[in-house]
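Mind having a look at this structure? Questions to follow.
The values are calculated or read from the model by the stated rules, or taken from the named source; none is laboratory data. Keep in mind the model is a prediction, meaning the values are calculated, not measured. Here the Cβ positions follow ideal geometry from the backbone for every residue, glycine too, while neighbour counts run over all protein chains shown. The area values use the complete protein model at the heavy-atom level, side chains included, leaving out ligands, DNA and RNA. Shrake-Rupley method; radii C 1.70, N 1.55, O 1.52, S 1.80 Å.
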Amino acid sequence: MSKLRVQSFGVSLDGYAAGPDQGLQRPLGARGEELMSWFFPTRVFQKMHGASDGEAGVDNAMAEQGFDGIGAWILGRNMFGPIRGPWPDESWKGWWGDEPPYHVPVFVLTHHARPPLAMRGGTVFHFVTDGIESALARARVAAGGRDVRLGGGTATVRQYLRAGLIDELHLAIRPVLLGAGENLWRDIDASALGYECTKHVAGERAMHVFLRRRT
Ligand SMILES: NC(=O)c1ccc[n+]([C@@H]2O[C@H](COP(=O)([O-])OP(=O)(O)OC[C@H]3O[C@@H](n4cnc5c(N)ncnc54)[C@H](OP(=O)(O)O)[C@@H]3O)[C@@H](O)[C@H]2O)c1
């Protein structure tokens with residue numbers, strides 16, 4: 001059975017996975033880059049953005065394994081873009097330019113229907129308005145036996161966590177206190193939901209923590 005995996009999810013010490021006041025100028029919210037500053041220097045991120053190389057240490061290895069065996073993604077609508085409410089038109093095509101780094105079908109949860117959007121390089125964004133189970137079922141079919149990666153953001157990961165549908169989570173814990181924003185753990189008892197920590201690895205700029213749902 002294919003797994004639902006959260007990978008490379010940047011979280012502050014106090015549990016925030018995005019800062020407050022998300023918008024066009026700051027997709028991750030105020031101070032949100034501090035959550036992902038472990039990822040930006042890595043070879044995998046640098047190559048994704050056209051550089052010839054980047055750092056190849058532990059953080060890079062942790063980021064790389066997050067792309068292994070992935071056949072589809074699920075995102076929340078706020079991770080897809082800064083627009084809230086009904087789509088004014090279909091001009092917004094994600095943060096990632098003409099060729100997004102997914103290269104497989106991506107299922108975007110939203111309350112606002114929109115036709116599928118095919119991008120260069122094999123990414124097709126499908127907008128799902130009938131809930132998390134439906135998005136997961138469609139993603140599993142699209143993945144054809146490979147795993148489904150749950151990209152985020154926070155509200156979306158929280159819903160799948162509460163429903164006990166996530167098999168594995170890799171959190172990149174950054175040694176910063178954000179104090180405000182979107183908190184992953186607010187009112188969530190992950191232990192009671194059946195999750196346990198199976199591994200932790202110190203990277204150059206983050207502590208990589210792996211959680212798995214007990215079977
Ligand atoms: N730290 C990390 O590694 C990481 C990773 C990914 C993203 N992020 C950041 O996280 C932030 C986004 O997270 P977020 O918590 O604000 O939002 P999110 O999870 O990306 O999206 C939430 C929105 O998705 C739609 N949605 C979610 N569940 C739905 C459902 N069951 N049915 C229908 N629509 C549903 C709703 O939008 P509508 O009602 O408007 O349609 C909802 O407001 C961004 O700043 C992003 O950059 C961080």
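Which value in deg cm²/dmol, rounded to the nearest 500, describes the helix-derived mean residue ellipticity at 222 nm for the chain, given -39,500 (n - 2.57) per DSSP H run of n ≥ 4 and division by the residue count?
Dividing the helical sum by the residues of the chain leaves -5000 deg cm²/dmol.
Oh, and also: If you wrap a convex hull around the C-alpha atoms of the range 27-111 and split its volume per residue, what is the figure in Å³?
115
Would you mind checking which residues have amide H under 5 Å from residue 10's amide H? H placed 1.01 Å from N; only 5 or more apart, or other chain.
The list, which skips near neighbours in sequence, is 172.
Would you please give the residues with an amide H less than 5 Å from that of residue 72, counting only those at least 5 places away or on a separate chain, with H modeled from the backbone geometry?
When sequence neighbours closer than 5 places are left aside, the close amide H contacts are 149.
Next question, about the same structure. Report, to the nearest whole %, how much of the accessible area of the chain belongs to carbon and sulfur atoms, 1.4 Å probe, protein only.
Summing carbon and sulfur atoms, their accessible area is 53 percent of the total for the chain.
So, by mean Cβ neighbours within 10 angstrom, what's the order for 26-33, 71-78, 7-14, 183-190 with the highest one leading?
Averaged packing, sorted descending, gives the order 71-78, 7-14, 26-33, 183-190.
Cα to Cα, under 27 Å, and not fewer than 8 places away if on the same chain: which lysines meet these conditions relative to residue 199?
Answer for residue 199, where 27 Å is the Cα cut-off: 3, listed by chain and number.
Another question, then. Using alpha-carbon pairs under 8 Å, 6+ residues apart, how would you state the relative contact order of the chain in percent?
On the way: 448 pairs, mean separation 66.4, N = 215.
Taking the mean separation of contacting Cα pairs over the length of the chain, I get 31 percent.
Moving on. For the chain, modelled as a Gaussian network with Cα springs under 10 Å, which listed residue fluctuates most, 62, 48, 79?
Residue with maximal mean-square fluctuation among 62, 48, 79: 48.
Just grab the label-to-label distance for residue 130 and residue 207, each label 7 Å out from Cα along the Cβ direction, in nm (one decimal).
Computed distance between label sites residue 130 and residue 207 equals 4.3 nm.
Ignoring ligands, DNA and RNA, what accessible area per residue does the range 76-161 give at 1.4 Å, in Å²? Provide the component values of the computation, followed by the final result.
Working: 3890 Å² over 86 residues.
Heavy-atom SASA per residue in the range 76-161 reads 45 Å².
Follow-up. Exactly which trypsin sites (Lys or Arg not before Pro) in the range 96-150 are in a DSSP loop and have at most 16 other Cβ atoms within 10 Å?
When the trypsin sites (Lys or Arg not before Pro) of the range 96-150 are filtered for loop state and at most 16 Cβ neighbours within 10 Å, 146 remain.
Using R₀ = 25 Å, calculate the FRET efficiency as 1/(1 + (r/R₀)^6) where r is the Cβ-Cβ separation of residue 111 and residue 90; round to 0.05. Can you show the working numbers first?
Working: r = 16 Å, r/R0 = 0.66.
For R0 = 25 Å, the calculated efficiency reads 0.95.
Through the Karplus equation 6.51 cos²θ - 1.76 cosθ + 1.60, θ set to phi - 60°, convert the phi angles of the range 22-35 into ³J(HN,Hα) values in whole Hz; use x for Gly and Pro.
4, x, 4, 7, 9, x, 8, x, 4, 6, x, 4, 5, 6
Lysines within cross-link reach of residue 93: Cα-Cα under 26 Å, excluding same-chain residues under 8 positions apart?
Those lysines meeting the cut-off are 47.
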